[in-house]
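Here the structure comes first, spelled out in structure tokens, and everything after it is commentary.
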Amino acid sequence: MENKIEARDLHLYYGEKHALKGINLDIYKNKVTALIGPSGCGKSTFLKSINRMNDYIDNVKITGQIYIDEEEVYSERVDTTILRKKVGMVFQQPNPFPMSIYDNVAYGPRVHGVKDKKQLDTIVKKSLDSCVLYEEVKDRLTSSALGLSGGQQQRLCIARALAVSPDIILLDEPTSALDPISTLKIEELLLQLKEEYTIVIVTHNMQQASRIADYTAFFLSGEMIEYGQTKDIFSLPKDKRTEDYITGRFG
Amino acid sequence: MVRSRFEIELKALRTELNKMTYLVIEAIEECVVALKTQNIELAKQIVENDIKINQMERAIEARCYSLILKQQPIASDLRMISTALKVVTDLERIGDQSADIAKIITTLQGDSMYRMIEHIPDMARVAKKMVKGAIDAFNTNDLVLANQVVMMDDEMDEYFIIVKEEISEHIKSDIHNTDIGINFIIIAKYFERIGDHATNICEWAEFKTTGSVNEHRLL
Amino acid sequence: MNQSITNKKKRKKDTVALVLIYLSSGFSIGLLLLILGYVAFKAVPYFSFKYLYSTTSIIDHTVGILPNIINTLYLVIVTLLIACPIGIGGAIYLHEYAKNQKLVRIVTFANEVLAGIPSIIYGLFGMLFFGVYLGWGFSILTGACTLSLMVLPIITRNTQTSLETVPKSYREAALGLGTNKWYMIRTVLLPSAIPGVLTGVILSIGRIISESAALLFTAGSGVLLPKGLFSHLFNSGATLTIQLYLEMSKANYENAFVIAFVLVIVVLLLNLFAKFIASKWDVSKVENNGK
């Protein structure tokens, strides 16, 4: 199994606060990896470190390394534009731009220089198809994305991320704001997508992690406590803290 | 404490399991007494009490299904609840075996042959020890104890062979002993079956702790 | 526990409050209608469309406000041309790029103070700096520059507020797709902030049109028609409001009322236009079509 993303002794500080404490983690290619843990444990922080979204927060200090395909993410020579083309991100609240559905999906490719209308049309259709959204919206591609339902909006955000052909997709609690049906549709989608992409998902929903993740990492207070195959983590966790968390014995 | 309702319900489940175990062991003990004293009234009582044991099986099953539905248990909680489902089946069978033994006792006509079959009381003793041991191992996750109980099954099998031979002798010596002899063999067989079920309970005890049965990973 | 629900009581305090509310709104609406009605009533006898396209000339014996209308337009357009880029650009800098938050707070506060300074002071400054020191004298350019100083805080403040209301999630989404900051501002932030920017612009236009004190000493009171598009900037030019002031000071109340009437219509049209533009450009409305 290939390592797609590697974290080596990663520390992150928000000013005085030591948010990530020496994270060592290998995330495998074409697998779904779930990051679980109580609120404030650092899982979202870690996720955002992978595509350097933490750069935009003041007073952030990072030591240690993250490698993607063996290239160091925090090196001086890294172009964050290319990095974020390679690593897409989907957020907790669906956040389509206040533009048409077409423009939303085409936004990414346009950023990276695609101007030809035919090319954009193909990309938009393909991305929306991948998210099983095309059939639902093909008659209103020019209408505002804000008119879609929550579940559709989130699938649109995934399509938007796919439009730039990333290798990796990061999702930060993508279904926590959605109804159960939309949630299941998106889980289905992620299971299909992992054939082509490496997926890392932060989730609070234990059942979701056990349904879709191949590997799960448990974070607590900035440390990574346990990492392994999901079936092991959820049936025979090695660390008592993991067991206590997943069985709901503490927040 | 988080999930306190769940904890309370788990505790209730364990309590109910222990109650059922108590009833089952009581049935075995009463069988031994009824045999010894040829107390037909007591034997009838044992048969009636089996209804209670069957009801408890259903009640505990219902509890387990409700917990699975409402609480989506995982890890050790899931193993606890799923093995509870399995164990009550074995306990109920043990109860049935005791009731069947009691039914036979009611047909015995104050025969003295019992005094000649020394080893049936031994089998009863081992059966009771195995059941108690199995449940203790289950409750306390004591795999060493579980192993010991499984070993006792060999003892049980040996006793059965001895009893069979003893009874054969008695039948050969006097053809009028055939009927009662056959009954006692059946009784011995039931005790042996009780031992088998106790062994099953030990397997579930192993699963509850390790997620594997006989080295086969199930969960 | 057994309270009946069909016991509808009249609550005295609510009734009193309701009456007061009705009275106040009646009063304000009534006052508005009174002023508008009075102006219209006074102006209509003297009004004819000829006013709108003629000039006032003693030689030709005509009275007209065409030059005033043109001057007003000039002043609005040139002032906005100066103030908008600076104001919007400044607001973007303050909101997006400024590292020193203390500086941002000071500048924001200064803007709020500036917005409340009496316009005559701007007039004084403008006259002395643009008119005398730079030598532009009484001219539309002087007036426009002065007014742009006056409306700059309004535009900056409104743009800033509007940028603050754009959801952070848009920004995150854009950055997550690999944009650099300026691209994100240009394609996502600004379009979403347009309603607020427009509010600032419309407030500014209102201020420009209604300005009298500041313009009196800067743009002057000229009533000549422009001879050249660009050269007119250096002529003095009276806006409608200034002309109104002048007519009042000469006790030409008929003319004054006509101009007042025209001004009211202009303001009304302006507000309607503003509403129309705002709804057309509002990206958060769902019925809009994409580009």
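Within the range A:146-172, can you find the residues that are among the basic types (K, R) and within 12 Å of another protein chain (Cβ to nearest Cβ)? First the steps, then the outcome.
Initial filter on the range A:146-172 (among the basic types (K, R)): A:155, A:160.
A:R160, the sole residue that qualifies.
Of all residues in the range B:165-219, count the ones that are of a type in the set (K, R), outside any helix (DSSP H, G or I) and buried (at least 16 other Cβ atoms within 10 Å of the Cβ).
In the first step, residues of the range B:165-219 are kept if they are of a type in the set (K, R); the result is B:172, B:189, B:193, B:208, B:217.
From what's left, outside any helix (DSSP H, G or I): B:217.
Right, trim to buried (at least 16 other Cβ atoms within 10 Å of the Cβ) and you get none.
Looking only at that region, the number is 0.
Which of the helices (runs of 4 or more DSSP H) contained wholly in the range C:204-291 include at least 2 residues that are more than 19 Å from the chain's Cα centre (by Cα) and among the aromatic types (F, W, Y)?
Values: elements: C:213-216, C:240-249, C:253-281.
It comes to C:253-281.
Cβ-Cβ under 7 Å, sequence separation 6+ or interchain: first residue in the range C:174-187 and at the interface with chain A (Cβ under 7 Å from one of its Cβ atoms) and surrounded by fewer than 22 Cβ atoms within 10 Å (Cβ to Cβ), partner in a helix (DSSP H, G or I) and not charged (D, E, K, R). Which pairs?
C:N180/A:T81; C:Y183/A:V111
Which one of the conditions (1) facing chain C (nearest Cβ under 8 Å); (2) farther than 23 Å from A:I50 by Cα does A:C131 fail to meet, given that it meets all the rest?
Checking A:C131 against (1) facing chain C (nearest Cβ under 8 Å); (2) farther than 23 Å from A:I50 by Cα, the one that fails is (1).
If you scan the range A:207-216, which residues turn out to be in contact (Cβ under 8 Å) with a residue 12 or more places away in the chain and within 11 Å of chain B (Cβ to nearest Cβ)? Reasoning before the result, please.
Initial filter on the range A:207-216 (in contact (Cβ under 8 Å) with a residue 12 or more places away in the chain): A:208-216.
Hits for the range A:207-216 are A:A209, A:S210.
Which residue, of C:G116, C:G87, C:G30, is crowded, with 17+ Cβ neighbours inside 10 Å and within 27 Å of the chain's Cα centre (by Cα)? Talk me through it step by step, then tell me what you get.
Details: C:G116 fails: crowded, with 17+ Cβ neighbours inside 10 Å; C:G30 fails: crowded, with 17+ Cβ neighbours inside 10 Å.
C:G87 is the lone residue from the list that is crowded, with 17+ Cβ neighbours inside 10 Å and within 27 Å of the chain's Cα centre (by Cα).
For C:T55, are the conditions met, namely being on the phi < 0 side of the Ramachandran plot and touching a strand residue (DSSP E or B) at 6+ places or on another chain (Cβ under 9 Å)?
Numbers: on the phi < 0 side of the Ramachandran plot: yes; touching a strand residue (DSSP E or B) at 6+ places or on another chain (Cβ under 9 Å): yes.
Here the answer is yes, as C:T55 does meet what is asked.
(1) surrounded by fewer than 18 Cβ atoms within 10 Å (Cβ to Cβ); (2) closer than 30 Å to A:S210 by Cα: which one isn't true of B:Q45, the others all being true?
(2)
Note down all Cβ pairs under 6 Å where the first residue falls in the range B:178-191 and is of a type in the set (V, I, T), the second is in a helix (DSSP H, G or I), and they're at least six residues apart or on different chains.
Final answer for the pair search is B:T178/B:I171; B:I180/B:M113; B:I185/B:I167; B:I187/B:I101; B:I187/B:I104.
Of the conditions (1) in contact with a His (Cβ under 8 Å, 6 or more places away or on another chain); (2) within 14 Å of chain A (Cβ to nearest Cβ), B:D90 clears all except one; give me its number.
(2)
Go through the range A:64-104 and report how many residues are in a loop (DSSP other than H, G, I, E, B) and more than 7 Å from every other protein chain (Cβ to nearest Cβ). First the steps, then the outcome.
Filtering the range A:64-104 down to residues in a loop (DSSP other than H, G, I, E, B) leaves A:69-70, A:73-79, A:91-99.
If we keep only those that are more than 7 Å from every other protein chain (Cβ to nearest Cβ) too, we end up with A:69-70, A:73-79, A:92, A:94, A:96.
Total satisfying the criteria: 12.
Quick check on C:G123: is it buried (at least 22 other Cβ atoms within 10 Å of the Cβ) and touching a residue at least 40 places away in the same chain (Cβ under 8 Å)?
yes
Please specify each residue of the range C:90-113 satisfying the condition of being closer than 18 Å to C:L147 by Cα and either among the aromatic types (F, W, Y) or surrounded by 14 or more Cβ atoms within 10 Å (Cβ to Cβ) (or both). Steps first, answer last, please.
Within the range C:90-113, the subset closer than 18 Å to C:L147 by Cα is C:90, C:110-113.
Matches in the range C:90-113: C:G90, C:N111.
Which members of the range A:105-121 meet the condition of being part of a helix (DSSP H, G or I) and either at positive phi or acidic (D, E) (or both)?
Step one: filter the range A:105-121 for residues part of a helix (DSSP H, G or I), giving A:105-111, A:117-121.
Once the filter is applied, which keeps residues that are part of a helix (DSSP H, G or I) and either at positive phi or acidic (D, E) (or both), the range A:105-121 yields only A:D121.
Could you grab me the full set of residues in the range A:27-63 that are within 14 Å of another protein chain (Cβ to nearest Cβ) and not hydrophobic (A, V, I, L, M, F, W, C)? Can you show your working first?
From the range A:27-63, those within 14 Å of another protein chain (Cβ to nearest Cβ) are A:34, A:36, A:38-39, A:44, A:47-59; that's our starting set.
Within the range A:27-63, A:P38, A:S39, A:S44, A:K48, A:S49, A:N51, A:R52, A:N54, A:D55, A:Y56, A:D58, A:N59 qualify.
If I ask for residues that are part of a loop (DSSP other than H, G, I, E, B) and either on the phi > 0 side of the Ramachandran plot or of a type in the set (K, R) (or both), which ones from the range A:192-250 would you list? Steps first, answer last, please.
Quick first cut of the range A:192-250, residues part of a loop (DSSP other than H, G, I, E, B) only: A:194-197, A:203-205, A:213-214, A:221-222, A:236-239, A:247-250.
Once the filter is applied, which keeps residues that are part of a loop (DSSP other than H, G, I, E, B) and either on the phi > 0 side of the Ramachandran plot or of a type in the set (K, R) (or both), the range A:192-250 yields A:K194, A:S221, A:G222, A:K238, A:G248, A:R249.
Let's see how each residue does on (1) more than 14 Å from chain B (Cβ to nearest Cβ); (2) surrounded by fewer than 18 Cβ atoms within 10 Å (Cβ to Cβ):
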{"site": "A:I199", "(1), (2)": "yes, no"}
{"site": "A:N205", "(1), (2)": "no, yes"}
{"site": "A:F218", "(1), (2)": "no, no"}
{"site": "A:I233", "(1), (2)": "no, no"}
{"site": "A:P237", "(1), (2)": "no, no"}
{"site": "A:E243", "(1), (2)": "no, no"}
{"site": "A:I246", "(1), (2)": "no, no"}
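For the range C:139-149, check the following and say yes or no: at least one residue is out of contact with any strand residue (DSSP E or B) (no Cβ under 9 Å at 6 or more places or on another chain), under 30 Å from A:M99 (Cβ atoms), in a helix (DSSP H, G or I) and assigned by TED's automatic domain parsing to the domain that holds C:V262. Even if it seems obvious, please write down each step before you answer.
Pass one, the range C:139-149, residues out of contact with any strand residue (DSSP E or B) (no Cβ under 9 Å at 6 or more places or on another chain): C:139-149.
Checking the rest, the ones that are also under 30 Å from A:M99 (Cβ atoms) come to none.
No, the range C:139-149 contains no residue that is out of contact with any strand residue (DSSP E or B) (no Cβ under 9 Å at 6 or more places or on another chain), under 30 Å from A:M99 (Cβ atoms), in a helix (DSSP H, G or I) and assigned by TED's automatic domain parsing to the domain that holds C:V262.
For the structure I just gave you, tell me whether B:I161 is over 19 Å from the mean Cα position of the chain (by Cα), modelled with pLDDT of 90 or more and closer than 24 Å to B:G95 by Cα.
On the way: over 19 Å from the mean Cα position of the chain (by Cα): yes; modelled with pLDDT of 90 or more: yes; closer than 24 Å to B:G95 by Cα: yes.
In short, yes.
How do the pairs read when you match residues in the range C:148-168 that are at negative phi with residues anywhere that are surrounded by fewer than 21 Cβ atoms within 10 Å (Cβ to Cβ) and outside any helix (DSSP H, G or I), using Cβ under 8 Å and keeping only pairs 6 or more apart or on different chains?
C:P153/C:A115; C:I154/C:A115; C:R157/C:A115
Select, from B:I51, B:I68, B:I60, B:I117, the only residue that is more than 30 Å from A:D232 (Cβ to Cβ) and modelled with pLDDT of 90 or more.
Numbers: B:I68 fails: more than 30 Å from A:D232 (Cβ to Cβ); B:I60 fails: more than 30 Å from A:D232 (Cβ to Cβ); B:I117 fails: modelled with pLDDT of 90 or more.
Residue meeting the stated conditions: B:I51.
Please report, ordered by residue number, the helices (runs of 4 or more DSSP H) entirely within the range C:39-115 with at least 2 residues that are in contact with a Ser or Thr (Cβ under 9 Å, 6 or more places away or on another chain) and not aliphatic (A, V, I, L, M). Give the derivation first.
Values: elements: C:50-53, C:66-92, C:101-114.
Answer list for the range C:39-115: C:66-92, C:101-114.
Any residue in the range A:122-136 that is polar (S, T, N, Q) and within 25 Å of A:T175 (Cα to Cα)? Spell out the reasoning first.
Applying the first criterion (polar (S, T, N, Q)) to the range A:122-136 yields A:122, A:127, A:130.
Of the ones still in play, those that are also within 25 Å of A:T175 (Cα to Cα) are A:127, A:130.
Checking the range A:122-136: at least one residue is polar (S, T, N, Q) and within 25 Å of A:T175 (Cα to Cα).
What do you reckon, is A:T142 among the hydroxyl-bearing types (S, T, Y) and within 28 Å of A:L10 (Cβ to Cβ)? Spell out the reasoning first.
On the way: among the hydroxyl-bearing types (S, T, Y): yes; within 28 Å of A:L10 (Cβ to Cβ): no.
Answer is no for this residue.
The values are calculated or read from the model by the stated rules, or taken from the named source; none is laboratory data. All values derive from a computational prediction rather than experimental measurement. When we count neighbours, we look across all protein chains shown, and the Cβ atoms used for this are built from the backbone with ideal geometry, even at glycine.
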